[in-house]
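Trainee: One structure follows; several queries about it will come next.
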Protein chains: 2
Amino acid sequence: MLAGLEYDKRKRSELLGNAVDSSKTPSSDPEDSELGVEGGRKRATINDIARLAGVSKKTVSRVINQSPFVRDETRERIEAVIAEWGYAPDPQARGLAFRRSFLIGMVYDNPNPQYVVNMQLGLLDGLRGSGFELVVHPCNRASPTFLNDIRAFVERQKLFGVVLPPSVSEDESVARLLSEIGCAYIRIASVELDKPEHMIVGRDRLGGEVMGRHLVDLGHTRIGFVTGLPNFRSSHERLGGFEDALRKAGLALDPDYVAQGAYTFESGVAAGEALLARTPRPTAIFCANDEMAAGALQAARRAGLNVPEDVTIVGFDDFQIAQSVWPPLTTIHIPTREVGRLAAEKLIGKETRDARDPAPTAPYLVLRESSAPPPKS
Amino acid sequence: MLAGLEYDKRKRSELLGNAVDSSKTPSSDPEDSELGVEGGRKRATINDIARLAGVSKKTVSRVINQSPFVRDETRERIEAVIAEWGYAPDPQARGLAFRRSFLIGMVYDNPNPQYVVNMQLGLLDGLRGSGFELVVHPCNRASPTFLNDIRAFVERQKLFGVVLPPSVSEDESVARLLSEIGCAYIRIASVELDKPEHMIVGRDRLGGEVMGRHLVDLGHTRIGFVTGLPNFRSSHERLGGFEDALRKAGLALDPDYVAQGAYTFESGVAAGEALLARTPRPTAIFCANDEMAAGALQAARRAGLNVPEDVTIVGFDDFQIAQSVWPPLTTIHIPTREVGRLAAEKLIGKETRDARDPAPTAPYLVLRESSAPPPKS
DNA sequence: CTGAAAGCGCTTACAG
DNA sequence: CTGAAAGCGCTTACAG
């Protein structure tokens, strides 16, 4: 079952002890003798702190858990001992007693590495100093064991909670499962799919509108749109925001100028080729993410078109690729990392102390070289 | 200390019980009454399995830990009960008794999202079915608390082991620290920095040589090289392999045609500009990763040069960006995910059963459109 | 080959 | 405001 942990390999030779500081002086208690086969001094436990502070372990426990029912004087004495010995409670023991671990799961199926890494960094930002750790768990909605896998993961690890980025976040059966087994969760999505306490809502629609306005302001009227995967709400929201901008400018979206993409580079090439073949040709193409915009850029090149002189091509996300292609892409910046931080803070209840229900900062336009006014033909 | 876990919020209302199957029939034992406030039936424990199989919990423990000292008949009976009830031991309780958790840490500082995500996927591949989980832990070698952070992380979580990708893997003080505190570790690097049992050695040097041979075979003799960050061994190994290829072809590396990069797109632009300004101009530029090759591509375009007609530009890694730029980059494919799997398997001792000390598959050339014979001038 | 007792380091439930 | 007892679900150390 667990490799490397076979019974006969587990002969332990460490000696027990309570000492924890770095001096080599053995205490007078014979149990304290410390050789530390593995070179380390034993960490202090709640019992050590209790003894040293002259209180019961229960009282130390109260201090750890910020119980109000401790006299200030007692608390200060205990906190001093804790600080002096660098004591930190053992999350495993605490978890066992709490019947809940101090692990946060990130259950995701997003295919974009940059999104995944930024989201992780954001979650870690939110968890920093809290004592929680982040366990990553990719999943596959198409797998027949999809829900069972998640259930086994959550139950076995007794996860404190999980964060769900798109598109798993948009799967109702996952949210239902988590509710059933009593696991806290936060869904990250571009629309309010659940009760507010379970949601961090991204502002994809606004981002789509900002980009739409940019294109309209440049003078474009015949604009193509490349959608993302249909099972990502963000794709619909970005398109919806774009339509909002068109509508406000008195323009309408021509369905013939909407091409289906899949958020991948290759799908951007194909959709770009298709749109550039329309007659009349669009003067601008708005792709629902940068990856597809990079693909559309390539389609334009193959068609012998210069960007932005002949056609404007813009993306969404502001990931690295937007800067690495030529010309660099005008795009919409999305605060992925910040969204992650907010999700983690909300999950562990940190946000209640700071601000109530903070929304991520608004997406904004990043102007680069791939957008320009339409060619005067 | 731990947000959301204040003393007075922890009033628990669940009832205890031992039932675990899905039938609602309460057992005759009054303690078994089960309402499951959180909707869930209680999971079976080792005590339930022991009772059901008519043995002591110690014997169940032996089965779980694959002790040879269990009669076959007893073992089978217990395994049947385990399977019937879907029992899985609680990793927290097990960890507490073992004085070691079932968590594997990935401690990394690699800046490339694609590398990080692929490495994570590989580690997860190796951990699958083992009961171990992956905890991610980015770090910063420049931080004054760098080592203390790692120590606190490893000790607090009682990590079973950690995997170190470059460049943390190349930090001797980290390896020393891990040895001292008795934490198992695997270093992933392009040279054997440590005892074999602590190493997965990538074949960057071979990759560099393969690419060098490709360029030589195309007829290039005046080749520029853009290095990666100097504190990444891979950078030196890739250059070393390139030199090997040159030497074997009777060519020598001209130091004037080596430019310092930093593995980033921007550094590729700068190094590309510098090299393209040399007289005579190199007919090919080998960048130590794809990101910099994308940058060099941009430098070439700005200099009014066509790739590959005027100058060949090639990369290393075969990440997505190699396919997303124009022209798509000839590059060297590195089995990042496989390396991750091997590292995880080695760490948890899985590899001893499969193959002894497997090496990652060799890097190979991926031929795309950015390389061609030198221009006939 | 198997088991009863003690313990891992915490918290809960209950007294005072 | 504080503490002694019991328990979380496992394993170790020791008997038999």
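Nothing in this text is a laboratory measurement; each read-out follows from the coordinates by a stated rule. On a predicted model such as this, the values are computed, not experimentally measured, just so you know. FYI the Cβ positions are ideal-geometry reconstructions off the backbone, even for glycines, and counts take in every protein chain you see.
Trainee: Beyond 28 Å, what share of the Cα-Cα pairs of the range B:128-273 remains, rounded to the nearest whole percent?
Mentor: Across the range B:128-273, Cα pairs with separations above 28 Å total 35 percent.
Trainee: Moving on. Would you pull out the residues with amide H under 5 Å of residue B:199's amide H, same chain only if 5 or more places away, H placed 1.01 Å from N?
Mentor: Residues meeting the amide H criterion: B:187.
Trainee: Based on the alpha carbon coordinates of the range B:229-283, what radius of gyration and maximum Cα-Cα distance (Dmax) apply, in Å?
Mentor: Gyration radius and largest Cα-Cα distance of the range B:229-283: 12.2, 33 Å.
Trainee: Here's something else I'd like to know. Just to confirm the numbers: residue B:256, label point 7 angstrom along the Cα-Cβ line, distances to the other copies in nm, shortest first?
Mentor: The projected label point of residue B:256 is separated from its counterparts by 6.0 nm.
Trainee: To the nearest 10 degrees, how steeply does helix B:233-248 sit against the main Cα axis of chain B, on a 0 to 90 scale?
Mentor: It works out to around 40 degrees.
Trainee: Right, something else. Determine the shape class of the range A:198-247: with a ≥ b ≥ c the square roots of the Cα gyration tensor eigenvalues, call it rounded for a/c under 1.5, and otherwise prolate if a/b is greater than b/c, oblate otherwise.
Mentor: Oblate is the answer for the range A:198-247, as a/c is 1.5 or above yet b/c matches or exceeds a/b.
Trainee: While we're looking at this one, here's another question. Just need log10 I(q)/I(0) for the range B:300-354 at q = 0.14, 0.26 Å⁻¹, Debye formula, equal scatterers on the alpha-carbon atoms, no solvent, rounded to two decimals.
Mentor: Summing over Cα pairs of the range B:300-354 leads to -0.54, -0.98.
Trainee: Which whole number gives the average count of other chain Cβ atoms within 10 Å of the Cβ atoms across peptide B:62-71?
Mentor: Whole-number average of other-chain Cβ neighbours for B:62-71 is 3.
Trainee: Shielding by partners for B:174-182, please: the mean number of other protein chain Cβ atoms within 10 Å of each residue's Cβ.
Mentor: That average works out to 2.
Trainee: Using each residue's phi in the range A:257-267, evaluate 6.51 cos²θ - 1.76 cosθ + 1.60 at θ = phi - 60° and report the 3J(HN,Hα) Karplus result to the nearest Hz, with x for Gly and Pro.
Mentor: With the stated coefficients, the range A:257-267 comes to 9, 10, 10, 7, x, 9, 6, 10, 4, 4, 5 Hz.
Trainee: Take the alpha carbon gyration tensor of the range B:134-174, find the square roots of its eigenvalues, order them as a ≥ b ≥ c, and report rounded if a/c is under 1.5; if not, report prolate when a/b exceeds b/c, else oblate.
Mentor: Oblate, because a/c is 1.5 or more while a/b does not exceed b/c.
Trainee: Same structure again: Within a Cβ distance under 11 Å of residue A:194, other residues only, what is the Lys/Arg minus Asp/Glu net charge?
Mentor: Local charge sum for residue A:194: -1.
Trainee: Put a point 7 Å out from Cα along the line to Cβ at residue B:128; what are the distances to that point in the other copies, in nm, shortest first?
Mentor: 3.4
Trainee: Next question, about the same structure. So for each of A:51-62, B:72-83 I average, over its residues, the number of other beta carbons within 10 Å; can you give me the resulting order with the highest mean first?
Mentor: For the peptides A:51-62, B:72-83, the packing ranking is A:51-62, B:72-83.
Trainee: Per residue of chain A, what 222 nm ellipticity follows from adding -39500 (n - 2.57) for every DSSP H run with n ≥ 4, rounded to the nearest 500?
Mentor: -12000 deg cm²/dmol
Trainee: Nm distances between the label at residue B:278 and the same-position labels in the remaining copies, 7 Å along Cα→Cβ, shortest first?
Mentor: 4.8
Trainee: I would also like to ask the following. Please label the shape of the range B:204-335 as rounded, prolate or oblate, based on the square roots a ≥ b ≥ c of the eigenvalues of the alpha-carbon gyration tensor (a/c under 1.5 means rounded; beyond that, a/b larger than b/c means prolate, else oblate).
Mentor: rounded
Trainee: Can you name the residue in chain B whose Cβ lies closest to the B-to-A rotation axis, and give that gap in whole Å?
Mentor: B:113, 2
Trainee: What does the net charge come to around residue A:204 if you take all other residues with beta carbon closer than 9 Å to its beta carbon, with K and R at +1 and D and E at -1?
Mentor: +3
Trainee: A further question follows. Mind listing the phi-derived Karplus ³J(HN,Hα) values for the range A:173-188, rounded to whole Hz, using 6.51, -1.76 and 1.60 with θ = phi - 60°, and x for any glycine or proline?
Mentor: Values per residue, Gly and Pro as x: 5, 5, 4, 4, 4, 4, 4, 4, 8, x, 9, 4, 8, 10, 9, 9 Hz.
Trainee: D for chain B, whole µm²/s, Stokes-Einstein with Kirkwood Rh over alpha-carbon pairs at 20 °C and 1.002 mPa s: what number?
Mentor: 89 µm²/s
Trainee: Taking Cα atoms, how many degrees apart are the long axis of helix B:204-218 and the longest axis of chain B, rounded to 10 and kept between 0 and 90?
Mentor: In chain B, helix B:204-218 runs at an angle near 30 degrees to the longest axis.
Trainee: HN-Hα J couplings of the range B:60-67 from phi, Karplus 6.51/-1.76/1.60, θ = phi - 60°, integer Hz, Gly and Pro as x?
Mentor: 4, 4, 4, 5, 3, 9, 6, 5
Trainee: Right, here's the next one. Report, in degrees rounded to the nearest 10, the 0 to 90 angle that the Cα long axis of helix B:336-347 makes with the longest principal axis of chain B.
Mentor: 40 degrees
Trainee: So which trypsin sites (Lys or Arg not before Pro) in the range B:87-130 are both in a DSSP loop and have at most 15 other Cβ atoms within 10 Å of their Cβ?
Mentor: Within the range B:87-130, the qualifying trypsin sites (Lys or Arg not before Pro) (loop, at most 15 other Cβ atoms within 10 Å) are B:99, B:128.
Trainee: Working from the alpha-carbon coordinates of the protein assembly as shown, get Rg over Rh, Rh being the Kirkwood radius.
Mentor: 1.01
Trainee: Right, here's the next one. Which whole number gives the average count of other chain Cβ atoms within 10 Å of the Cβ atoms across peptide B:100-107?
Mentor: Other-chain Cβ atoms within 10 Å of each residue's Cβ, averaged: 3.
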